[in-house]
1. Of the accessible area of the chain, with the probe set at 1.4 angstrom, what percent is carbon plus sulfur?
2. How high is the relative contact order of the chain? Use alpha-carbon pairs under 8 Å, at least six apart in sequence, and give a whole percent.
3. What full-extension length gain, to one decimal in nm, is calculated for A169 and R55 as 0.36 nm per residue of separation minus the Cα-Cα distance?
4. At a probe radius of 1.4 Å, what is the per-residue accessible area of E222, in Å² to the nearest 10?
5. What length, rounded to one decimal in nm, is gained on full extension from S141 through to A235, with 0.36 nm per residue of separation minus their alpha-carbon distance?
6. Tell me, how many Å apart are the Cα centres for the range 14-74 and for the range 111-173?
7. Pull up all non-local amide H partners of E222: gap of 5 or more, or a different chain, and H-to-H distance under 5 Å with H placed in the peptide plane.
8. Could you tell me the accessible area of H107 in Å² (1.4 Å probe, neighbours in place), rounded to the nearest ten?
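The values are calculated or read from the model by the stated rules, or taken from the named source; none is laboratory data. Small disclaimer: the values here were computed from a predicted structure and weren't measured. All accessible areas refer to the heavy atoms of the entire protein, side chains included, with ligands and DNA or RNA removed. Shrake-Rupley method; radii C 1.70, N 1.55, O 1.52, S 1.80 Å.
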Amino acid sequence: MTPPPVISFRDVRQDFTLDNGTRLLALQDVTFEIGRHEFVAVLGPSGCGKSTLLREIAGLVPITGGDLRVYDRKVTEPRDDIGIVFQKPTLLPWFDVLNNVTFPFRHKHGRVTEVQRKTARELLELVGLESFASARIEQLSGGMQQRVAIARALLLDPDILLMDEPFSALDSLTRDEMSFELLRIWTERPKTVLFITHSIPEAVLLADRIIVMSPRPGTVREILTVPLPRPRTLASLSDPAFSSLSNQIRSQLFTRRPTEAATAQ
């Protein structure tokens with residue numbers, strides 16, 4: 001018997017009320033599934049609702065219509081088994097690195113035990129920051145701060161990791177480094193990952209499948225399987241399949257279909 005998907009969208013609709021009272025349709029008829037420990041990237045133009053998908057899964061935004069399930073249960077509130085990494089690390093400058101990583105325990109239980117500190121130190125080792133446990137946040141580079149944010153998201157050992165353009169604020173070299181670092185972490189500690197990005201190469205390098213979204217109101221235009229074998233390495237960037245899929249995605253993103261043009265008007 002096939003197990004149910006970890007994340008399931010069925011005809012999900014999302015609209016918002018603007019300050020002037022008008023309704024904005026952000027997502028329409030969104031349908032897709034994600035299996036356990038699958039790495040799925042979401043690509044689409046600005047304003048198509050990519051980040052809204054993530055917030056819906058996290059239970060931060062209630063859907064307007066349709067059916068959204070995590071572990072075959074309707075999403076009605078935030079869950080402890082979901083970790084989130086945002087575009088900005090949102091670290092606490094008055095805490096050192098170790099205390100930033102352990103903050104979820106402090107927030108949930110009001111204290112941090114030695115066992116929990118040991119877990120946090122192991123995660124800092126996983127992300128390559130074991131020697132920076134006592135450092136202040138302002139002493140870290142942008143890439144190092146994002147590593148702290150990833151370690152913090154992994155602290156409660158969530159099975160689902162939601163990542164909202166986590167590397168977009170980094171320079172290109174650091175961004176490439178962080179992509180390979182994320183692949184290593186995901187290999188060592190498998191998670192079900194939904195990764196929001198504007199970068200086609202980043203999506204192709206990281207993901208098992210890529211969801212290509214239409215312009216607003218966002219819907220699933222196509223779901224593409226990445227044919228690159230794992231583990232992914234620098235050599236993957238030179239694989240002809242990498243360039244072929246990247247070009248296919250560009251043609252999808254930069255060609256507006258007649259139905260989409262009519263909806264946008």
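1. The C+S portion of the solvent-accessible surface of the chain is 52 percent.
2. Relative contact order, the chain: 25 percent.
3. Net length gain for the segment: 39.1 nm.
4. Result for E222: roughly 50 Å² accessible.
5. 31.1 nm
6. Computed from Cα coordinates, the inter-centre distance equals 26 Å.
7. Amide H neighbours of E222, under 5 Å, 5+ apart: V212.
8. Here the residue's solvent-accessible area equals roughly 140 Å².
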